[in-house]
1. Might you let me know whether the range 88-104 holds any residue that is of a type in the set (Gly, Ala, Ser), assigned to a helix (DSSP H, G or I) and loosely packed, with under 15 Cβ neighbours inside 10 Å?
2. Testing Leu130 on (1) under 25 Å from the mean Cα position of the chain (by Cα); (2) farther than 26 Å from Arg53 by Cβ, one condition comes back false. Which one is that?
3. How many of the residues making up the range 108-158 are touching a strand residue (DSSP E or B) at 6+ places or on another chain (Cβ under 7 Å), on the phi < 0 side of the Ramachandran plot and either assigned to a helix (DSSP H, G or I) or exposed (fewer than 15 other Cβ atoms within 10 Å of the Cβ) (or both)?
4. Quick one: in the range 216-237, which of the residues that are in a helix (DSSP H, G or I) and more than 19 Å from the chain's Cα centre (by Cα) is nearest to Arg27 (Cα to Cα)?
5. Here is a check on your reading of the model: is Glu161 in a helix (DSSP H, G or I), within 26 Å of Ala142 (Cβ to Cβ), assigned by TED's automatic domain parsing to the domain that holds Gln139 and acidic (Asp, Glu)?
6. Can you tell which of Arg170, Arg177, Arg144 is in contact with a helix residue (DSSP H, G or I) (Cβ under 6 Å, 6 or more places away or on another chain), basic (Lys, Arg), within 29 Å of Glu45 (Cα to Cα) and touching a residue at least 60 places away in the same chain (Cβ under 8 Å)?
7. Go through the range 61-79 and give me each residue that's in a loop (DSSP other than H, G, I, E, B) and of a type outside the set (Ser, Thr, Tyr).
8. From the list Ile23, Ile73, Ile61, which one is of a type outside the set (S, T, N, Q) and more than 29 Å from Asn174 (Cβ to Cβ)?
Amino acid sequence: MTAYPHLDPTVQAYADLSERERIEHIRVDRWIDYPRARQALHKLEDLLLFPKRARMPNLLIFGASGMGKTMIIEKFVRANPPNFDERSGIHHRPVIVVQMVPSPDEGRFYHRLLSAIGAPPPSRATLGQLETQALRLLQETAPRMLVIDEVQNLIAGTYREQRRMLNLLRFLGNELRIPLICLGSHEARDAIRGDAHLNSRFEPYGLPPWQHDADFHGLIGGLLYSLPLRLPSELTDSALKRLVEVNGGITASIFRMLIELATDAILTGTERITPAAILDHRVAAPTIFAA
């Protein structure tokens, strides 16, 4: 095997594979560590270990679509997987993740919550029955954290619908005495502010678009370290600045552009991403990315 010191040791073996295999590897989702994400993970770990009390602290992670909110939660869930209790026959889930319904609806939310727990909801049930079943199963599975994604969907409803859903979230937090973690766009902050009592328990944590700074250099360096190109990609400040500007500082868009350029580098035999490739690259029309 040829030595590739510019690559992560776990990636070096991939650099000797075929074009097709390397391109497949390049297109796989990957975690790239950076300070804001690391700090978010530390906050989540602290909340996971927080002792039960009447007023639990909560966290709101917000930012534009494509800034990596969902990837942070997915990494956190992987680090805290369910475990099976052989004595009780119950799967205990430290972290339960549920997506907010497109518009505020308590019944549909409970259906999604039951599905996230792994319990098929009854086909016909009153709101009260759904609530009772959800609380019983949540107490059995003993989660230590409830994550609600796409919280900005709350504002799609009427004022009354929003209030009822916010009351439901506050009720769940009070009953279970576990932290609530909400994810969403900047509008998610407005949604949470609809309940003063609930809002006072949330710490807002933003993921702002990237700027051309040292943290961004670290992010790109981490990504290049993970791509099985056979030659090192040495990017200039002007190329990195353009990479930020043409993608609006959005992580998913930046990564997509670099993955396209890495694929081209393999297919053309250049085996590196060059500053010229970035400066000459034509960015495609905006795409909706996972949060």
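The values are calculated or read from the model by the stated rules, or taken from the named source; none is laboratory data. This is a predicted model, so every value here is computed, not measured. In this analysis, Cβ positions are derived from the backbone assuming ideal geometry, glycine residues included, and neighbour counts consider all displayed protein chains.
1. no
2. The one condition Leu130 does not meet is (1).
3. Residues flagged as touching a strand residue (DSSP E or B) at 6+ places or on another chain (Cβ under 7 Å), on the phi < 0 side of the Ramachandran plot and either assigned to a helix (DSSP H, G or I) or exposed (fewer than 15 other Cβ atoms within 10 Å of the Cβ) (or both) within the range 108-158 amount to 8.
4. So the residue we want is Ser226.
5. The answer is no for Glu161.
6. Exactly one of Arg170, Arg177, Arg144 is in contact with a helix residue (DSSP H, G or I) (Cβ under 6 Å, 6 or more places away or on another chain), basic (Lys, Arg), within 29 Å of Glu45 (Cα to Cα) and touching a residue at least 60 places away in the same chain (Cβ under 8 Å), namely Arg144.
7. Filtering the range 61-79 down to residues in a loop (DSSP other than H, G, I, E, B) leaves 63-68.
If the condition is that a residue be in a loop (DSSP other than H, G, I, E, B) and of a type outside the set (Ser, Thr, Tyr), then Gly63, Ala64, Gly66, Met67, Gly68 are the ones that fit.
8. Checking each option against the conditions leaves just Ile23.
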